Structures are given as C-alpha cells and as structure tokens.
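First the structure, in the form of structure tokens, and then the observations on it.
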Amino acid sequence: TRRAIYHTLLLSQLPYVNLMLFTPDSELDLLFPSEQIPTEVKAQLPPDLHIRPLASTDYRRGHLPVLSVLTVVTDPGEEAWVAQFESLRAAARTYYSIVIVDKRTDRIVAVGTVFLERKFLRGLGCVGHIEDIAVDKSQQGKKLGLRIIHALTGISENSGCYKTILNCSDHNIPFYQKCGFEKKECEMAKYA
Ligand code: ACO
C-alpha cells in the first residue's frame, strides 16, 4: 500500500516535474526579440507548447533532428552550430528562425525560418523568403506547421515586406494553400 501511495504521489507530481525542465525566454540568448512573434499565434498554441525565436543553446534541444524530417542533415557539432547561429544574428533584421518547444520535455518539435531580402525596386521594397519548415513526425497534423507559417508571414508583413514567398514540392501545395498561399510561377535550380 505504501508503494501504491508513493506511486500515486509521484504521478501527481509529474506535470510539475516536467514543466520544471522548460527554459523560459528570459533565460535564453535569442536570435531576435520574442515580441516580434505575433501574439495571436502564441495564443493559439496548446498550453504545453511554446513558440519563440531560435536560441543559442537549441542545438541541445534537438534542433537538427527536427530539421532532418525535411532533408539530409549533417551534424556539424555544437561549436560550429553556435558559430552559424552567431553569423545569422550578426546580419541584423535579416534572419528570423523560430521554434516550437514542448514545455514538458524542453525539446524542439517544430522549426521554420523567414529571411528578409531588401531590394532596390518597388521603392526599396522587401521580400520575405520562407525556408526550412519542419514538424517532428510525432507532432504532424496538429496545426503546428500552420502556426509556424502564420508566425513567419506575420514577421515578414510586420517588417514591411510586400510579399512572402517559398518553394515546395507538389505534395505540400495543399498545405501551403491552407496557410493562405497561392501557386505562382515556377522554381529553377542549379546544384553545384
Ligand atoms: N497534403 C494535404 N494537406 C495537408 C498536407 C499535405 N501534404 N500537410 C498538411 N495538410 C493540411 C492539414 O490536413 C491541415 O488541414 P485542415 O486545416 O483542413 O485540418 C492543414 O494543412 C494544416 O496542417 P498542419 O497540421 O499545420 O500540418 P503539419 O503541422 O503536419 O505541418 C508540414 C505540415 C510542415 C508539411 C509537415 O508535415 C512536415 O514537417 N513535413 C515534412 C517536411 C516538409 O515537407 N516541410 C516543408 C518543406 S517546404 C519549405 O520548407 C518551404
């Protein structure tokens, strides 16, 4: 009976124990200020998930394993990963990489980036390029991809971009249409 009581107590503490793993934004070194992620998108996430800018310690929270659902990822090691993070941050107001973190494990479950291209045409206009959208296999189909895209287009539009564009496979066209995008022109590629 003592064992049963112990287990019941332990289980009742589990959500608390797990939430203690979660690192709040205030304790992180972020790529850009959290306030730039639209509050409507933050409010639409379930309470056990959190959306925020990429942090300098996210190599340890499974950033690369999540990206590997998208394409081949070669692990460069933490030091080189952090150097890449610093080079993105050095290009001010250009790279906006965001992550969704599971608060119960402090692990990343979804990622995405918008990078802002400043032009000479359209009155020194700006275009947002969405890149590298990936949702962990266990979390797909729960609207996390949609939330990431809404957050990135929000950042792009709030930064004054006149359009936000991306390349995708035919298979993903219905997903992007559900996110409010339409098919336009075609993509050309030349691999080195
Ligand atoms: N075909 C048809 N509909 C789809 C597809 C699809 N391939 N994927 C999602 N949808 C629909 C969903 O059913 C949902 O519809 P509903 O609103 O009617 O319920 C809506 O789109 C939103 O879907 P989410 O739940 O937000 O999708 P998810 O969180 O699974 O994210 C994503 C979609 C990003 C494509 C994810 O499945 C994934 O990571 N796939 C592997 C990597 C990948 O292909 N990334 C995109 C590469 S393109 C780029 O990076 C610019």
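Rule-based calculations on the coordinates, nothing more; no lab input. These numbers come from a predicted model, not from an experiment. Counting neighbours? That spans all protein chains shown, and the Cβs are built from the backbone with ideal geometry, glycine included.
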Inset, instruction - Can you run down the residue pairs with Cβ atoms below 7 Å, 6 or more apart or on separate chains, where the first is in the range 154-182 and over 26 Å from Arg118 (Cα atoms) and in contact (Cβ under 8 Å) with a residue 24 or more places away in the chain and the partner is within 13 Å of the ligand (Cβ to nearest atom) and assigned to a helix (DSSP H, G or I)? - result: Phe175/Gly145; Lys178/Leu146
Legend entry - Per-region count, the range 114-132, residues more than 16 Å from the ligand (Cβ to nearest atom) and in contact with a strand residue (DSSP E or B) (Cβ under 6 Å, 6 or more places away or on another chain): 2
Legend entry - Unmet requirement for Val41, which otherwise passes all of (1) more than 17 Å from Leu152 (Cβ to Cβ); (2) touching a Lys or Arg at 6+ places or on another chain (Cβ under 6 Å): (1)
Legend entry - Complete set of residues in the range 175-192 that are farther than 21 Å from Val41 by Cβ and either of a type in the set (Lys, Arg) or within 21 Å of the chain's Cα centre (by Cα) (or both): Lys183, Lys184, Lys190
Legend entry - Failed condition for Ser56, given (1) within 30 Å of Ser169 (Cα to Cα); (2) of a type in the set (Ser, Thr, Tyr); (3) surrounded by fewer than 19 Cβ atoms within 10 Å (Cβ to Cβ); (4) touching an Asp or Glu at 6+ places or on another chain (Cβ under 6 Å): (1)
Inset, instruction - Please find, within the range 159-192, the residue that is surrounded by the fewest Cβ atoms within 10 Å (Cβ to Cβ) out of those that are assigned to a loop (DSSP other than H, G, I, E, B) and of a type in the set (Lys, Arg). - result: Lys190
Legend entry - Filter result for the condition that a residue is near the ligand (Cβ under 7 Å from one of its atoms) and in contact with a helix residue (DSSP H, G or I) (Cβ under 6 Å, 6 or more places away or on another chain), over Val135, Val111: Val135
Legend entry - Number of the condition not met by Trp81 [criteria: (1) touching a helix residue (DSSP H, G or I) at 6+ places or on another chain (Cβ under 6 Å); (2) touching a residue at least 24 places away in the same chain (Cβ under 8 Å); (3) of a type outside the set (D, E, K, R)]: (2)
